[in-house]
Amino acid sequence: MTGKKRITSDKIIELYMNEVLLNGTPKSVYAFAKENKFEENEFYQFFSSFEVLEKQIFAIFCTKTLELLLNNEDYKTYDSKSKLLSFYYTFFELLTANRSYVYQRLKENKNKLESLKLLSNLRKEFIEFTTREIFTDAIDLKNEKINKLRDKGMGEASWLQLLFTLQFWLEDKSPNFEKTDIFIEKSVKAS
């Protein structure tokens with residue numbers, strides 16, 4: 001046993017985000033691992049490719065947001081609107097803390113479909129959150145198929161709202177992204 005410290009998925013994510021910001025996407029997993037002094041097979045223990053890694057990074061923003069919210073005792077007493085507002089504010093604080101990476105990956109990518117692919121895991125996490133936490137008091141329509149369609153429609157509408165807010169945030173030039181906060185408040189109130 002060499003006593004070598006094993007690399008974690010969080011560390012790989014941190015190293016990858018730094019690499020992308022400083023030098024662009026690495027040429028290969030091998031080069032990335034070699035540059036960061038860990039074995040290539042250690043990368044594959046967590047991620048099968050850079051694409052999978054990037055999708056996971058965006059999902060982690062949602063997961064971390066939910067962890068922060070669920071650790072707040074007050075959050076558990078909030079109504080649906082307050083829970084959604086709390087999610088948005090916390091989520092966009094995390095994105096702002098990582099703005100350079102998020103901006104580079106989403107705004108600078110001219111192919112919008114590629115950007116949406118990056119968000120596929122985030123989409124799944126967010127829709128699960130809204131179904132579990134936000135739409136709990138939906139009217140029971142006494143028909144399982146119709147209830148499923150209603151839930152799917154509400155989840156998709158929420159996802160579109162998050163995408164619009166994300167697009168607004170990417171283009172927001174106001175100090176401390178104050179216009180995004182106003183946009184969040186108005187869009188959640190309207191929904």
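The rows are residues; the columns are (1) touching a helix residue (DSSP H, G or I) at 6+ places or on another chain (Cβ under 7 Å); (2) within 20 Å of residue 104 (Cβ to Cβ); (3) among the small types (Gly, Ala, Ser).
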| residue | (1), (2), (3) |
| --- | --- |
| 27 | no, yes, no |
| 31 | no, yes, yes |
| 52 | no, yes, no |
| 56 | yes, yes, no |
| 59 | yes, yes, yes |
| 64 | yes, yes, no |
| 67 | no, no, no |
| 74 | no, no, no |
Given (1) over 20 Å from the mean Cα position of the chain (by Cα); (2) at pLDDT 95 or above; (3) surrounded by 16 or more Cβ atoms within 10 Å (Cβ to Cβ), residue 7 misses just (2)
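Yes or no, residue by residue, for (1) among the aliphatic types (A, V, I, L, M); (2) in a loop (DSSP other than H, G, I, E, B); (3) open to solvent by less than 70 Å² (accessible area, probe 1.4 Å); (4) modelled with pLDDT under 95:
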{"site": "2", "(1), (2), (3), (4)": "no, yes, no, yes"}
{"site": "16", "(1), (2), (3), (4)": "no, no, yes, no"}
{"site": "26", "(1), (2), (3), (4)": "no, yes, yes, no"}
{"site": "34", "(1), (2), (3), (4)": "no, no, no, no"}
What is the residue count in segment 102-138 for residues that are at pLDDT 85 or above and closer than 18 Å to residue 56 by Cα? 19
When segment 79-95 is checked residue by residue, the ones that are open to solvent by 80 Å² or more (accessible area, probe 1.4 Å) and more than 17 Å from the chain's Cα centre (by Cα) are 79, 81
Going by the conditions given, is residue 108 assigned to a loop (DSSP other than H, G, I, E, B) and not basic (Lys, Arg)? yes
If we keep only residues of segment 112-137 that are among the aliphatic types (A, V, I, L, M) and assigned to a helix (DSSP H, G or I), then the residue surrounded by the most Cβ atoms within 10 Å (Cβ to Cβ) is 122
Does any residue of segment 53-62 turn out to be more than 24 Å from residue 155 (Cα to Cα) and surrounded by 12 or more Cβ atoms within 10 Å (Cβ to Cβ)? yes
May I ask you to list the residues in segment 154-191 that are under 26 Å from residue 113 (Cα atoms), outside any helix (DSSP H, G or I) and open to solvent by less than 70 Å² (accessible area, probe 1.4 Å)? 172
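The values are calculated or read from the model by the stated rules, or taken from the named source; none is laboratory data. Computed from a prediction, not measured in an experiment: that's the story for all the values here. Glycine gets a Cβ as well: all are built from the backbone with ideal geometry, and neighbour counts include every protein chain shown. Remember, those area values only see protein heavy atoms, side chains included, never the ligands or the DNA or RNA. Shrake-Rupley method; radii C 1.70, N 1.55, O 1.52, S 1.80 Å.
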